[in-house]
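Below is one structure, written out as structure tokens; comments come after it.
The values are calculated or read from the model by the stated rules, or taken from the named source; none is laboratory data. Owing to the predicted nature of the structure, the values given are computational and were not obtained by experimental measurement. Methodologically, a virtual Cβ is constructed for each residue, glycine included, from the backbone with ideal geometry; neighbour enumeration extends over all protein chains shown. Calculation scope for accessible area: heavy atoms of the full protein, side chains included, ligands and nucleic acids excluded. Shrake-Rupley method; radii C 1.70, N 1.55, O 1.52, S 1.80 Å.
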Amino acid sequence: MTRPAQVVINLAALRYNYSRVCSLAPNSKIISVVKADAYGHGLIRVARELNQSYAFGVACIDEARELREAGIDKPIILLEGAYSPAEFSDIEKMNFEIVIHHHDQIKMIEQSSISVPIKTWIKIDTGMHRLGFFPTELEMVRNRLRDSSKIHPDVAFMTHLADASDPDSNKTINQLEIFNKVCAAVSGKRSIANSAGILAWPDTHVDIVRPGLMLYGISPIENKTASDHDLKPVMTLQSKLISIKTVRKGESVGYGADWYCPETMPVGIVAAGYGDGFPRHASSGTPILINGKLCQIIGNPSMDMITVDLRKLDTVNIGDTVELWGNGLPVEQIAKHAGTIPYELVSGVHKRLQVIVHDQD
Ligand SMILES: *Cc1c(COP(=O)(O)O)cnc(C)c1O
């Protein structure tokens, strides 16, 4: 028997979430963000399913190449642009679009030997203070690009929101104001919104939206889960019970011996752990579903196994199904217990997991 830990991917849920983006931002085009192996859901699998997207957004040229080589013919945008001059031959050959966020990148384009002008997106730093030109630099950058025969004349503009997952954030209002002001002086398509912008900030939708997380049926908004936005989880992480034992009152369970049985009780051992991408910090008290019933993790997850309190179950057997997150148990909740965000959990599922793909409503 192979290890029972599996990732289950539901393509129907993925398409459903895409349709939710369409109805939330009906006047915007959609760049489906598929970086980091489509947040752990499988780059090619997801891109094929969402091939009606206006474009795909990736983090680097390796991801872009993989998409083209799999036959994806939609625009592909390198969200962080080129990292080195060596990338330009493939950018030209495979017709990728690039974000430009730094003067060094403009220099790289000018020094490259491309002959077909590249489509570019100017990234403006309106307050995230990660990538992008300051608003004061925009005019100079715009002129520099206009003068270059290597840049396609249709330049688009984007910015990234720092705090959109807080529906009451002044930061987003400020960023939007700054972006609208600098863009008033230029013509070209505009893009602001990530998933949180799409869900909580309609004014940020403008020409093109860039959903990532919500496509995968996960909420970026604090204390909300997929169902609050009528989204459906695409990934379920599941496994099976591989042992059940009765542990005596006062005995500890697991590494570090920091959970003690308050009474003599049944303990289940689940075949999944941080070696599969389940967070080590999701320890005692983290919810877990055994046969669809809510139980709790006890002790610390180890590399391949997790220990569970089975006292709530009347009947339970070795081989019973365990859900660690997904359809019946929001990954947002598990992330909270682990002191992290759902992005980290789904993008961190390990390659050793068996992947099951299904397609049902
Ligand atoms: C990752 C990313 C997105 C998608 O963000 P979500 O919060 O997952 O919707 C959008 N735009 C850029 C530039 C990104 O890097």
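One decimal place: the segment Glu222-Glu110 gains 36.0 nm when fully extended, by the rule 0.36 nm per residue minus the C-alpha distance.
When the chain is fully extended, how far beyond the present Cα-Cα distance does Asp207 get from Leu294, taking 0.36 nm per residue of separation? Intermediate results must be reported in sequence, preceding the final value.
Numbers: separation 87, 0.36 × 87 = 31.32 nm, distance 4.32 nm.
Gain on stretching Asp207 to Leu294: 27.0 nm.
Computed about the Cα centre, the dipole magnitude for the range 235-358 is approximately 120 debye when only Lys and Arg (+1) and Asp and Glu (-1) carry charge, each at its Cβ.
What is the calculated FRET efficiency for Thr315 to Thr264, with r their C-beta to C-beta distance and R₀ = 22 Å, to the nearest 0.05? With R0 = 22 Å, the Cβ-Cβ based efficiency is 0.75. Remark: the range 127-213 carries a charge dipole of roughly 360 debye about the Cα centre, counting +1 on each Lys and Arg Cβ and -1 on each Asp and Glu Cβ. Is the chain best put as rounded, prolate or oblate by its Cα gyration tensor, with a ≥ b ≥ c the root eigenvalues, rounded for a/c under 1.5, and otherwise prolate when a/b is larger than b/c, oblate when not? It is prolate, given that a/c is not under 1.5 and a/b is the larger ratio. Each other residue within a Cβ distance under 9 Å of Asp207 adds +1 if Lys or Arg and -1 if Asp or Glu, for a net charge of +3.
The residues of the chain expose on average 45 square angstrom of accessible surface per residue, using a 1.4 Å probe on protein heavy atoms.
Given R₀ = 51 Å, what would the calculated FRET efficiency be for Asn95 paired with Ala257, taking r from the Cβ atoms and rounding to 0.05? Spell out each step's value before the answer.
Numbers: r = 58 Å, r/R0 = 1.14.
Rounded to the nearest 0.05, the efficiency is 0.30.
Here the range 142-168 is scanned for amide nitrogen atoms under 17 Å from the site 7 Å beyond the Cα of Ser187 along Cα-to-Cβ, giving 142-143, 146-147, 152-157.
Surface composition of the chain: carbon and sulfur atoms hold 49% of the protein heavy-atom accessible area at a 1.4 Å probe. The distance separating the Cα centre of the range 1-63 from that of the range 204-240 comes to 11 Å. Given DSSP loops and a limit of at most 16 other Cβ atoms within 10 Å, what is the longest stretch of the chain that contains no such trypsin sites (Lys or Arg not before Pro)? It works out to 1-129. A Förster radius of 30 Å, combined with the Cβ-Cβ distance separating Arg146 from Asp166, puts the computed FRET efficiency at roughly 0.20.
Calculated on the Cα set of the range 11-220, radius of gyration then Dmax: 16.5, 48 Å. Once a ≥ b ≥ c are taken as the square roots of the eigenvalues of the Cα gyration tensor of the range 206-361, is the result rounded (a/c under 1.5), prolate (a/b larger than b/c) or oblate (a/b not larger than b/c)? It is prolate, given that a/c is not under 1.5 and a/b is the larger ratio.
Distance between the 7 Å Cα→Cβ label points at Thr340 and Ile356: 2.4 nm.
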